[in-house]
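Each reported figure results from applying straightforward, stated rules to the coordinates on display, with no laboratory input. Predicted, not measured: the structure shown is a model, and the values here were computed from it. Note that we place each Cβ from the backbone using ideal geometry, even for glycine, and neighbour counts take in every protein chain shown.
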C-alpha cells in the first residue's frame, strides 16, 4: 500500500465513534508509522455516533476521490421504535413524547411506506450539521434556539420492511446522498399518526462497497503498521 500516493480504505465504523474519531485514529497511525507530520486523510459520507457501518477513508492524493464517493447510492438497515419521539430522532437524547400505536398494523405500514419512495422533500433534523447563517443547526438546537431548516430534494430508491413487531419496525433503505435516516424515521412516525425514532442504524453499502468488504478498525491499524514496515522504509518528512 502506498498511503502517500493514495489509498482508498473501506472501514466499519464502530458504535459511539464519530466519523472524525475514525479518521483521526487512521491519520495518527499513519503519521506515527511513516514518521510524517502531514498526510491528507479524509472520509466520504459522515455517520452519526450512534450509527455503524461502511465508511470510505481516503489517504494522500486519493482524497481527491472523496466527492465522487459521496454521490454514490447508500444502503442502510434502520430500526425504528414507534410510538415515541426524541428531539434528535435517535437515542442521543431522551424521549420527549409518547403516542398511541394500537392502530398501527402491517397493512397500514405497507400503505404508508410507498409514500417515501422516489423524489421526496425532506427537512433535515434540528440536531444536524446543516449550516444556517454560518452556524451548525445542532449548535442552535443545543442552545435552545429554533431555526427554520429548508427542505432538501433527495431520492429514495427502495424501502423494504424487514421486520415488524410493535413497537419496533426494521427497514432497509436505499437512498441518495444527503438523506437523513433519522428524519425519515420522524416522517414515517408522523405518516403513521404516531411518533418514531431510530434505535439502531447500520450503513451496509456505499456504491458497490459492502460491509463485508470493510476492515474492523483495530485490524486495519495493525495491517497499516505491518504493511508499511514490511514494504517501505519509513519516510521522515519535515513539516515544511
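Computed FRET efficiency, Cβ-Cβ of residue 61 and residue 131, R0 41 Å: what is it to the nearest 0.05?
Details: r = 28 Å, r/R0 = 0.69.
It comes to 0.90.
Let me see the P(r) profile for the stretch 7-106: every Cα-Cα distance counted, bins of 5 Å, each bin given as a percent of all pairs.
Over the stretch 7-106, the share of Cα pairs per 5 Å bin runs 2, 11, 18, 17, 15, 11, 9, 7, 5, 3, 2, 1, 0 percent.
For each of 161, 173, count neighbouring Cβ atoms within 10 Å of the residue's Cβ, then give the residues from fewest to most. Numbers along the way, then the final one.
Numbers: 161 13, 173 22.
Taking fewest neighbouring Cβ atoms as first place, the list is 161, 173.
Label point 7 Å out from residue 18 along Cα-to-Cβ: which residues of the stretch 108-140 have amide N under 16 Å?
Answer for this model: 127-131, 135-140.
Would you calculate the separation in nanometres between label points at residue 71 and residue 160, each defined as 7 Å from the Cα along the Cα-to-beta-carbon direction?
Placing both labels 7 Å along Cα→Cβ, they lie 2.7 nm apart.
In which sequence would 20, 89, 69 go, from the one with the fewest C-beta neighbours within 10 Å to the one with the most? All intermediate terms of the calculation are to be shown ahead of the outcome.
On the way: 20 11, 89 27, 69 20.
In order of increasing Cβ crowding within 10 Å: 20, 69, 89.
State the extension gain, in nm to one decimal, for the chain segment bounded by residue 218 and residue 40, taking 0.36 nm per residue of separation less the distance between their alpha-carbons.
Working: separation 178, 0.36 × 178 = 64.08 nm, distance 2.03 nm.
Once the chain is fully extended between residue 218 and residue 40, it gains 62.1 nm.
Compute the normalised compactness of the stretch 77-153: alpha-carbon radius of gyration over 2.2 N^0.38 Å, N being the residue count.
1.32
Taking 20 °C and 1.002 mPa s as the conditions, I'd like the Stokes-Einstein D for the stretch 74-206 in µm²/s, using the Kirkwood hydrodynamic radius from alpha carbon pairs.
On the way: Rh = 15.1 Å.
Taking Rh from Cα pairs, D becomes 142 µm²/s.
For the pair residue 142 and residue 31, what calculated FRET efficiency results from E = 1/(1 + (r/R0)^6), where r is the Cβ-Cβ distance and R0 = 25 Å, to the nearest 0.05?
Taking R0 as 25 Å, the efficiency between residue 31 and residue 142 is 0.20.
Test of understanding: in a Gaussian network model of the chain with alpha carbons linked when under 10 Å, which of 210, 80, 162 would top the mean-square fluctuation ranking?
162
Quick one: work out Rg over Rh on the C-alpha atoms of the stretch 27-68, Rh as Kirkwood radius.
The Rg/Rh ratio comes out at 1.04.
If R0 is 30 Å, what FRET efficiency do you get for residue 2 and residue 177 from their C-beta distance, rounded to 0.05? If you can, show how the numbers build up before the last one.
Numbers: r = 28 Å, r/R0 = 0.95.
That pair, residue 2 with residue 177, gives E of 0.60.
Hull surface divided by four, with the convex hull built on the Cα atoms of the chain: how many nm²?
Projected over every direction and averaged, the Cα hull of the chain covers 14.5 nm².
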